[in-house]
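Participant: Take a look at this one; I'll ask things after.
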Amino acid sequence: MHRVCVFAGSRPGSRPAYTAAAAALGKAVAERGWGLVYGGSRVGLMGAVADSALAAGGEVLGVIPQAGRRLSREQAHLGLTQLYVVASMHERKAKMHELASAFVALPGGFGTMDEVFEAITWMQIGIHAKPIAFLDVLEYWQPLARWIDRSVADGFVDAESAGKVCVDADLTRLLDALSPASPRVA
């Protein structure tokens, strides 16, 4: 099964559009018959993407570190298809990478950036060839898109690697780019 790993905030953010985008993403993934892999929380954007995928009849796999089950803002979602409890954040990311065939980042904070940048780094050094995208809700990822362009211009990132990272506000176009039928998927 094609599974999309979604990295997202454990908080909802300050704008309703973030939660709406998370819900739309979860629903769209399930409607395509794809599975969803995510951080296992029942709150914030993570909870919204999982709940909408479940409501649309989708498979939802959560991966949460043991310590995360005790955090008040990142409580484990107990209604998932499967919840993996791992010992550490390192194990969490490794398990998410193992389960997923593509990655999407919704708006989020430091944890979201850590997770998606590890996926990008692994793609860049050849550990995987899975597509990576940022759903650009309210132009949240535009500073990152400019940074990617600058990093290429200044010689820190090669254009080929940068070209494999999709930043798009259009959900359908973004999911099409992550599709197993897409030429981007190796």
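Participant: Counting only helical runs of four or more DSSP H residues, what would the 222 nm mean residue ellipticity of the chain come to if each run contributes -39,500 (n - 2.57) and the total is spread over all its residues?
Facilitator: -13000 deg cm²/dmol
Participant: Grab the Cα-Cα distance for ALA67 and THR121, subtract it from 0.36 nm times how many residues apart they are, and report the gain in nm with one decimal.
Facilitator: 16.9 nm
Participant: Another question, if that's okay. For TRP147 and GLN82 in one chain, what is 0.36 nm times their gap in residues minus the Cα-Cα distance, to one decimal in nm?
Facilitator: Computed gain between TRP147 and GLN82 is 19.8 nm.
Participant: Fewest first, what order do TRP122, TRP147 take by the number of other Cβ atoms within 10 Å?
Facilitator: TRP147, TRP122
Participant: Next up: Most exposed first by the Cβ proxy, i.e. fewest other Cβ within 10 Å, how do SER161, SER52 rank?
Facilitator: Lowest to highest Cβ neighbour count: SER161, SER52.
Participant: So, one more: Antiparallel versus total DSSP beta bridges in the chain: what percent is that, nearest 5?
Facilitator: 5
Participant: Hey, another quick one. Listing GLU98, GLU118 from the residue with the fewest other Cβ atoms within 10 Å to the one with the most, what is the order?
Facilitator: The order, fewest Cβ neighbours first, is GLU98, GLU118.
Participant: About the Cα centre of the chain, what is the dipole size in debye to 20, counting +1 per Lys and Arg Cβ and -1 per Asp and Glu Cβ, all else neutral?
Facilitator: That gives a dipole near 520 debye.
Participant: Over the chain, with a Gaussian network built from C-alpha contacts below 10 Å, which listed residue (ALA23, ALA119, ALA159) shows the highest mean-square fluctuation?
Facilitator: Comparing ALA23, ALA119, ALA159 in the GNM, the peak value goes to ALA159.
Participant: Here is a further query. One-quarter of the Cα convex hull surface for region 5-178, in nm²?
Facilitator: Spelled out: convex hull of the Cα atoms, projected over all directions, averaged, 9.2 nm².
Read-outs: derived from the displayed coordinates by stated rules, not from any lab. As the structure is a prediction and not an experimental result, all values here were calculated from the model. Heads up, the Cβs are rebuilt from the backbone with ideal geometry, glycines too, and the neighbour counts pull from every protein chain shown.
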